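Remarks on the structure that follows.
The values are calculated or read from the model by the stated rules, or taken from the named source; none is laboratory data. What you are looking at is a predicted structure, and each value in this text was computed from that prediction instead of being measured. Note that we place each Cβ from the backbone using ideal geometry, even for glycine, and neighbour counts take in every protein chain shown. All accessible areas refer to the heavy atoms of the entire protein, side chains included, with ligands and DNA or RNA removed. Shrake-Rupley method; radii C 1.70, N 1.55, O 1.52, S 1.80 Å.
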Number of protein chains: 2
Amino acid sequence: MADGPTINTIAERAGVSIASVSRVLNGLPTRQETVRKVMAAADELGYVRNAVARSLKSRRTHQVAFAMADVGNPAYLAMLREIQPVLKAAGYRLVLHSTDAVAADEIDVLHSLGERYVDGLIMSPLRVTEAHLRMLATARAPVVIIGSVPEGTRVDNVRADSRTGVRLAVDHLYALGRRRIAMINGPLDTVPGAARGAAYREALHDLGLPYDESLVQIGDFYRPEGARAVAALLDRVPDVDALMCANDLIALGALDVLRAAGKRVPEDVAVVGMDDTDLAAASWPSLTSVSLGSAERGKAAAELLLERLRGDAGEPRVVTVPPRLAVRASTAGPDYDRRQSGYDGEGGGK
Amino acid sequence: MADGPTINTIAERAGVSIASVSRVLNGLPTRQETVRKVMAAADELGYVRNAVARSLKSRRTHQVAFAMADVGNPAYLAMLREIQPVLKAAGYRLVLHSTDAVAADEIDVLHSLGERYVDGLIMSPLRVTEAHLRMLATARAPVVIIGSVPEGTRVDNVRADSRTGVRLAVDHLYALGRRRIAMINGPLDTVPGAARGAAYREALHDLGLPYDESLVQIGDFYRPEGARAVAALLDRVPDVDALMCANDLIALGALDVLRAAGKRVPEDVAVVGMDDTDLAAASWPSLTSVSLGSAERGKAAAELLLERLRGDAGEPRVVTVPPRLAVRASTAGPDYDRRQSGYDGEGGGK
DNA sequence: TGATCGTCTGTAAACGTTTACGGATTGGGG
DNA sequence: CCCCAATCCGTAAACGTTTACAGACGATCA
């Protein structure tokens, strides 16, 4: 596989200088005759511009990185799905990092911006540490954070409003007559865990319901642990009548356990998930879920970043995406499902 | 944001030549004293190696591209999940392309290898055209194809065995006593569509069942269209007793329609999906599905590519990943589910 | 003491582009 | 016929590295 042709090869064959070749390839004003010769030579040789050399000179890579906490989590995938086409349309390639929610990995990604292999970064850290903030302050390329960030941090960021999201869900459960509403949460030292926990407490308060420690169960954000958490809760509080789960995976775990325990959903226990992933619509009973707008957040983040890349040097911006409650059978009952599950609904494929 | 420090800045500050700096940074034998000075200067300046310049000189980008047909399809995501860590462990970054299964886009990606912004490519085309083959033959970097490729194509490739997969499913349905087994397929001009269709026919033949045109319904590979296809089939053949669906999304659409039509699953109609995505375990009734080993295929592809990148110039290799039937409630019935859905099963989170 | 060897370091070229600058060519006007 | 402006093009430097080569230096040996 002989070394591919370069601008030099073309120059030689066309009998012009490399400067002319470059000019032609970049569409700068050039005599017709020269254009013809260069184009002909380029075609014959099957020339393709070397992106690396180009980037070195132009200081632009036309690549953007997206660092997601977890390639397995549908919420991040939803972001990815939106980010990808936006970047592509703007002529950027997407470099994907998976940090497994390990802070050190995230710091690494931030640090590696110094390598200048990307023009910008979109990142969704699960926790934001001191080290994150320090790195952010000195980042060598524009960064957009998806998720909340301490007040005053000078960085573009797109946040979900999980407080309102939880509120929507709890209000919905309350309206259905539920009064013993438990919360199954992930770790409290994660950004979403903390926010959702606080919002739950607040929502109860505003409804005049007492905050009962024994109704709160902490696990992680995955299905098996979610199931274990619900089992533990059920042991402790057999007469619970609603579960507010901190994400859909936990909620699916909850459905497993409730089914095994012979509880009817939603007659005995209503269940709400969060993130409104594909799984929510697919499960049975289909899962009422709070959409925190993952898709919209991804899109917004990509657009913010693109503005920066176009040279916008204004103040850091904060975009907040409003939540939405997707009501399904796990709270509204099978009637809901019978009404909705016709084969002409559901969206899905492109 | 002053321009970051370069090897020159360091050389100046440390009072040595750029060659020495480079040597130190690359761990080549150097006097202790020099190493110390360079390291000190580098630290103070917060130096980070410029990846672009490095790539230009070394002709290695340490990036690999993965071109998937559809960022939304869980089967490809499963591949992505496996590919990512393998590459990361080997020190490669992942550039993600979504081709939306458009041949022109795929050709584009192949063509863009000439830009040399990646060291290699993993691609999973839905259809393989003449143009694909031509581009593959002259690709400017190692390529691994996930999916089948015409005999004799000189390219590494990792394939699923959908023939055996369909066979497993049809045999399973037959063993359950089903005799009117329909197939809901995607377009026949796609690689998977064609393979699955042929396999279905063959499986029936080997079981001594007649091939009945009216039992075959073609749509696309997504849920709404899958639902429409099943509805059409049901109109035509009301007494069908099993559905072999060409993927899980189609199968979910099938469940929607069957439920709306008042058919019990699996008592009246047994349903099998393909790809064994997360959705299969999450749906209700949980979906029996043929795993074509997406995850394993992704992993194998990444490993094949890494071998090439390490310089292996041997003959093209073909890896075939064996399918597996994941039996769940949509064929085995709720008993199965009651046995399995305990809260300590299911896997899932990492 | 001078030749020889080995170790370490600096100079410079190279990777494949883009682009500032100035020289050559052309054409038109006086 | 000459001059000037406009147009086009080539030379060379630059982007930030890596690395071949050769020079400098000190030490070792005869």
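Scan region B:48-95 for trypsin sites (Lys or Arg not before Pro) in coil per DSSP, keeping those whose Cβ has at most 15 other Cβ atoms within 10 Å, and list them by number.
Values: sites: B:ARG49, B:ARG54, B:LYS57, B:ARG59, B:ARG60, B:ARG81, B:LYS88, B:ARG93; in loops: B:ARG49, B:ARG59, B:ARG60.
Passing sites in region B:48-95 are B:ARG59, B:ARG60.
Using a probe radius of 1.4 Å on protein heavy atoms only, what is the accessible area buried between chains A and B, both sides summed, to the nearest 100 Å²? Walk me through the numbers on the way to the answer.
On the way: alone 17610 and 17640 Å², together 29770 Å².
Result for this pair: about 5500 Å² buried.
Inter-copy label distances at A:ALA89, using a point 7 Å along Cα-to-Cβ, come to 3.8 nm with the shortest given first. Report, by chain and number, residues whose modeled amide H sits under 5 Å from the one on B:ILE146, excluding near sequence neighbours (fewer than 5 apart, same chain). Counting only residues 5 or more places away or on other chains, the set is B:MET123, B:SER124, B:VAL158.
Distance between the 7 Å Cα→Cβ label points at B:LEU188 and A:ARG163: 6.0 nm.
Shown for region B:91-113: residues covered by the partner protein chains by 50 Å² or more of accessible area relative to the chain by itself (probe radius 1.4 Å), namely B:ARG93, B:LEU96. Please list the non-local residues whose amide H lies under 5 Å from the amide H of A:ALA139, H modeled 1.01 Å from N, same-chain partners needing a gap of 5 or more. HN-HN under 5 Å from A:ALA139: empty list. The angle separating the long axis of helix A:191-207 from the principal Cα axis of greatest extent in chain A is about 40 degrees.
Kindly work out what percent of the DSSP beta bridges joining two residues of the protein assembly as shown are antiparallel, to the nearest 5. Don't jump to the answer; show the numbers that get you there.
On the way: 10 of 76 bridges.
Of all bridge pairs located within the protein assembly as shown, approximately 15 percent are antiparallel.
Per residue, the accessible area of region A:229-305 comes to 25 Å² when a 1.4 Å probe rolls over the protein heavy atoms.
Looking down the axis that turns chain A into chain B, the chain A residue with its beta carbon nearest that axis, and the gap rounded to whole angstrom, comes out as A:TRP284, 1.
Going by accessible area, probe 1.4 Å, with all protein chains left in place, what is the ranking of A:ARG167, A:ARG13, B:ARG196, A:ARG236, largest first?
On the way: A:ARG167 65, A:ARG13 135, B:ARG196 20, A:ARG236 110 Å².
Sorted by accessible area, descending: A:ARG13, A:ARG236, A:ARG167, B:ARG196.
Shown in residue order for region A:46-53 are the 3J(HN,Hα) couplings computed by the Karplus curve 6.51 cos²θ - 1.76 cosθ + 1.60 at θ = phi - 60°: x, 6, 9, 4, 7, 5, 5, 4 Hz (x for Gly and Pro). Helix B:162-175 and the longest principal axis of the C-alpha atoms of chain B enclose an angle of approximately 30°.
For chain B, give me the percentage of DSSP beta bridges that are antiparallel, rounded to the nearest 5 percent. Antiparallel bridges: around 10 percent, rounded to the nearest 5. Mean partner shielding of peptide A:217-227, defined as the number of other chain Cβ atoms within 10 Å of each residue Cβ, is 3.
Summed over all non-identical Cα pairs, the Kirkwood treatment of region B:162-291 gives a radius of 14.0 Å. Label point of A:HIS205 (7 Å along Cα→beta-carbon): distances to the other copies' equivalent points are 7.2 nm, sorted ascending. Considering only A:ALA41, A:ALA14, A:LEU28, and ranking their Cα positions along the charge dipole of region A:7-49 that arises from unit charges at the beta-carbon of Lys, Arg, Asp and Glu, the one farthest toward the positive end is A:LEU28. Here the 3J(HN,Hα) profile of region B:313-318, calculated from phi with Karplus coefficients 6.51, -1.76 and 1.60 at θ = phi - 60°, is 10, x, 4, x, 10, 10 Hz, Gly and Pro shown as x.
Size check on region B:140-208: the Cα extents along the three principal axes, sorted descending, read 53, 20, 16 Å. Using a cutoff of 8 angstrom between alpha carbon atoms and counting only pairs six or more residues apart, the relative contact order for region B:7-49 works out to 38 percent.
Take peptide B:278-288, look around each residue's Cβ out to 10 angstrom, count Cβ atoms belonging to other protein chains, and average those counts.
Details: counts 9, 5, 1, 6, 15, 6, 8, 1, 2, 1, 0.
The per-residue average across the peptide is 5.
Taking amide H as placed 1.01 Å from N in the peptide plane, the amide H of A:LEU94 sits under 5 Å from that of A:VAL64, B:LEU96, each at least 5 places away or on another chain. Charged neighbours of A:ARG23, selected by a Cβ distance under 13 Å, balance to +2 (K, R count +1; D, E count -1). Counting only protein heavy atoms and a probe of 1.4 Å, the accessible surface of the protein assembly as shown is 50% carbon and sulfur.
So for A:TYR47, B:TYR211, what's the accessible-area order with a 1.4 Å probe, most first? If you can, show how the numbers build up before the last one.
Details: A:TYR47 45, B:TYR211 80 Å².
Sorted by accessible area, descending: B:TYR211, A:TYR47.
Each residue of region B:7-15 was assigned a 3J(HN,Hα) from its phi angle through the Karplus expression (A = 6.51, B = -1.76, C = 1.60, θ = phi - 60°), giving 4, 5, 3, 5, 4, 4, 4, 8, x Hz with x at Gly and Pro. Distances from A:GLY27 to itself in the other copies, using label points 7 Å out along the Cα-Cβ axis, amount to 4.6 nm in increasing order. With Cα atoms as the point set, the radius of gyration and Dmax of region A:7-49 evaluate to 8.7, 23 Å. Helix A:223-236 sits at what angle to the longest principal axis of chain A, using alpha carbons and giving 0 to 90 degrees rounded to 10? Taking Cα atoms only, the helix is inclined about 20 degrees.
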